[in-house]
1. Solvent-accessible area per residue for chain A at a 1.4 Å probe radius, Å²?
2. Where both residues lie in the protein assembly as shown, what percent of DSSP beta bridges are antiparallel, nearest 5?
3. Of all accessible surface on segment A:29-180 at a 1.4 Å probe, what whole percent is carbon and sulfur?
4. So what's the projected area for chain B, the Cα convex hull averaged over all directions, in nm²?
5. How many Å² of accessible surface get buried when A and B come together, counting both sides, probe radius 1.4 Å, rounded to the nearest 100?
6. If the only charges are +1 at each Lys and Arg Cβ and -1 at each Asp and Glu Cβ, what is the size of the charge dipole of segment A:76-122 around the Cα centre, to the nearest 20 debye?
7. Using a/c under 1.5 as the rounded threshold, could you call the protein assembly as shown rounded, prolate or oblate? The axes a ≥ b ≥ c are square roots of the C-alpha gyration tensor eigenvalues, and prolate needs a/b larger than b/c, oblate otherwise.
8. Hey, any idea what % of segment B:94-157's accessible area is carbon plus sulfur with a 1.4 Å probe?
Amino acid sequence: MLLPEVGYARPSTVDEAVHVLASHDGARPLAGGQTILNVMKSRAAAPDVLVDLQDLDELRGIELAADGTLVLGAMATYSEVIASAEARARPILGEVCAQIADVQVRNRGTVGGNICSNDPTNHLPPLLVALGTTMTIASSAGERTVPAEEFFVGVYATAAGPGELLTKISIPAGKGDGFAAVTIGKDGTCIVSAAASLDGDAPRVVVGCVHGVPVLVRPDGADEEAVRRAVRGANLEPPSDVHASADYRRHLAEVVAARAVQRARTRRS
Amino acid sequence: MAATAPVGGKTVTVRVNGTTYEREVEARRLLIHFLRDDLDLTGSHVGCDTGNCGACSVLYDGTLVKSCMLLAVQADGASIETVEGLAEGDELNDLQQAFGAHHALQCGYCTPGMLMSATALLREKPHPTEDEIRKGIQGNICRCTGYVNIVEAIKSVGA
């Protein structure tokens, strides 16, 4: 298929990348391309300039800091996370990445691309909110950090604005995590997803696919009824579409949230 | 910063099946069209054009990718293997012969992608389990529904 005409830049440093992003209205980062190229094919969006991040080695690392924080470069692919010994410090990450699409997409698709596209059906936005992640965003003004629950601001929209680039995803140490989803076919698009982390003082349960951004709820316990009550209390108003009605998504939200917490409990014990 | 000024196209140098090609391409050109239309390597197929079917799968610096999900300009400097590179001289390789022997193709449209996915899998796991084979070709759709024979063919090579 012929894409709309587009400019192409291939910077070799983050500084150059944020400069070119800031210099052109309608410039968009090109990470793995597994979302944005399809968006361009469907004419849902037509960026003026694609800023190819492939030469930015500083965005590729997967490192474990001395305090146990796992730091993913935004350009780390799903396959790299799955294969990484460091990423096993938070095993849920590799497990969830292995459920995304297929080999080809996992080889190209990146963690940064998954969260910056913030498609409400994507796996990683709810997961990273549950894990208490911090995002580092670079611009010509320097770096700033944003907690995951403030990073996702709407459908396809994040706190990384024009002229900004997500560079790092910092995930605190922990292991009591779970993820559950009802998908369209095995490893397919999520109809409703939920991630849970029991590492903090109270469970963090995050539901995906039911709102423009992941919905964080804080049940007062980790038993099934407490989780279901907390999800009900969020008064979700999910969309209806060919895959599920709003009522069914509301039902699934409780079910997958309870499953995610149950898996997290098993993992923690 | 001149090096990062956006361009509408550029000259790319790409190695495909051991041959180096240099071509001028528009930035919007997908890698699959570069392979098929610019290099006349029509073995890789366009099935869906949306990253779902896997008929355009190639190895990109040794990694399995869908060539409708990359731009040709991204591939500047890359080394690519397509289905045309599998045969050993005039002889089909073991995997290709196994596809024939196990009747692993009917219309053959998905076959180039299936072969490249199986090639990637067998390089990583020379003796894959059936589950690993099924996971390995998860991104490749066969609409003649011949998966059983495709799995059998791959299994026979990895036995």
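The values are calculated or read from the model by the stated rules, or taken from the named source; none is laboratory data. All values reported here derive from a predicted model rather than from experimental measurement. Please note: Cβ atoms are built from the backbone with ideal geometry, for glycine as well, and neighbour counts cover all protein chains shown. Areas reflect the complete protein model, heavy atoms only, side chains present, ligands, DNA and RNA absent. Shrake-Rupley method; radii C 1.70, N 1.55, O 1.52, S 1.80 Å.
1. It amounts to 40 Å² per residue over chain A.
2. DSSP beta bridges in the protein assembly as shown are roughly 85 percent antiparallel.
3. Looking at segment A:29-180 in its full context, I get 52 percent from C and S.
4. 9.8
5. 2900
6. The calculated dipole for segment A:76-122 is roughly 60 debye.
7. Judged from the Cα gyration tensor, the protein assembly as shown comes out oblate (a/c at least 1.5, b/c at or above a/b).
8. 54
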